[in-house]
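S.K.: Please read through the structure below; I'll follow up with questions.
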Amino acid sequence: MSKPMPILLTVNSSTQISANMQRIQLSGDELERYPTHCAGGYIKLLFNHDGGTDLTGYSPENRPVMRTYTIRSFDSAALTMDVDFVRHECNDTKSGFAARWAMNAKPGDTIHVGGPGTIKSHNLEADWFMMVADMTALPALSAKVKELPSDAKRLRRD
């Protein structure tokens, strides 16, 4: 089975949700082909070799740079998805392409996106669950927490 072609999505909004996290909402009619329950799955953001999103001239032999991110939430009716990015210092080239792009994204900007891919689901019949994540894994963890049974109890240790 061949991989689906990347789709072009548009930035609806860019919101700093914490000191260290940026949420980008993307939209596009081609999200119709995404599975309804794809939150927690991954996508590939495509960049040219300079860190921009113009992929003119790229081909299977001359591939763009890809960065993997998690779908934080997906709305199949509105054809939107939210993607969270860790905010890094982006005043030099030490930051990654995706972090720099996310920190500067504004409504109307576009980006090519491949995917979605899925992540392994957990056993919802288990007696208990232990979930741990660093900042980059928070979107996936958030999607998994939403899947837990309604009678699951939360134990938090600070």
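S.K.: Set the Förster radius R0 to 30 Å, insert the Cβ-Cβ distance between Glu30 and Leu141 as r into 1/(1 + (r/R0)^6), and round the FRET efficiency to 0.05.
M.R.: 0.65
S.K.: What does the extension gain come out to for Leu8 and Lys120, with contour length at 0.36 nm per residue minus their alpha carbon separation?
M.R.: Details: separation 112, 0.36 × 112 = 40.32 nm, distance 2.63 nm.
Length gained between Leu8 and Lys120: 37.7 nm.
S.K.: Ignoring ligands, DNA and RNA, how do Arg23, Arg67 rank by accessible area with a 1.4 Å probe, largest first?
M.R.: Largest to smallest exposure gives the sequence Arg67, Arg23.
S.K.: Oh, and also: With each pseudo-label sitting 7 Å past Cα toward Cβ, what's the Trp128-Ala78 distance in nm, one decimal?
M.R.: 3.8 nm
S.K.: For the ranges 121-129, 28-36, what's the packing order if you count other beta-carbon atoms within 10 Å of each residue, average per peptide, and put the highest first?
M.R.: Details: 121-129: 9.3, 28-36: 13.7.
Put in order of decreasing packing, that is 28-36, 121-129.
S.K.: Another question about this same structure. In degrees between 0 and 90, to the nearest 10, how far off the longest principal axis of the chain does helix 138-147 point, with axes built from Cα atoms?
M.R.: Long axis of 138-147 versus the principal axis of the chain: about 40 degrees.
S.K.: Here's another thing I want to ask about it. How large a share of the accessible area of the chain, in percent, is made up of carbon and sulfur atoms when the probe is 1.4 Å and the other protein chains stay in place?
M.R.: Working: 5160 of 10310 Å².
Of the solvent-accessible surface of the chain, carbon and sulfur hold 50 percent.
S.K.: Let me ask something else about it. Probe of 1.4 angstrom, ligands and nucleic acids ignored: what's the accessible area per residue over the chain, in square angstrom?
M.R.: Counting only protein heavy atoms, the per-residue value for the chain is 65 Å².
S.K.: Where in the stretch 97-146 are there trypsin sites (Lys or Arg not before Pro) that are in a DSSP coil and have at most 16 other Cβ atoms within 10 angstrom of their Cβ?
M.R.: Sites meeting the loop and neighbour criteria: Lys120.
S.K.: For a quick check, take a GNM of the chain with Cα springs below 10 Å and name the residue from Ala105, Ala39, Ala77 with the largest mean-square fluctuation.
M.R.: Maximum fluctuation in the GNM of the chain, among the listed residues, is at Ala77.
S.K.: Whole-Hz ³J(HN,Hα) for each residue in the stretch 11-25, computed from phi via Karplus 6.51 cos²θ - 1.76 cosθ + 1.60 with θ = phi - 60°, x for glycine and proline: what do you get?
M.R.: 6, 8, 7, 9, 10, 7, 9, 7, 4, 10, 10, 10, 10, 10, 9
S.K.: Send over the per residue convex hull volume for the chain, Cα only, as a whole number of Å³. Walk me through the numbers before you get to the answer.
M.R.: Numbers: hull volume 22.6 nm³, N = 158.
In the chain, the Cα hull volume divided by residue count equals 143 Å³.
S.K.: Turning to a different aspect of this structure: Relative contact order of the stretch 62-144, please, whole-number percent, based on alpha carbon pairs below 8 angstrom and at least 6 residues apart.
M.R.: Contact order relative to length: 32 percent.
S.K.: Leaving out same-chain residues fewer than 8 places away, which aspartates and glutamates sit with a Cα under 15 Å from that of Lys153?
M.R.: Output for Lys153: Glu125, Asp127.
S.K.: For the chain, what does the relative contact order come out to in percent, with C-alpha contacts under 8 Å and a separation of six or more?
M.R.: On the way: 273 pairs, mean separation 49.5, N = 158.
Once divided by the residue count of the chain, the mean separation gives 31 percent.
The values are calculated or read from the model by the stated rules, or taken from the named source; none is laboratory data. All values reported here derive from a predicted model rather than from experimental measurement. FYI the Cβ positions are ideal-geometry reconstructions off the backbone, even for glycines, and counts take in every protein chain you see. What goes into the accessible areas is simple: the full protein's heavy atoms, side chains included, and nothing from ligands, DNA or RNA. Shrake-Rupley method; radii C 1.70, N 1.55, O 1.52, S 1.80 Å.
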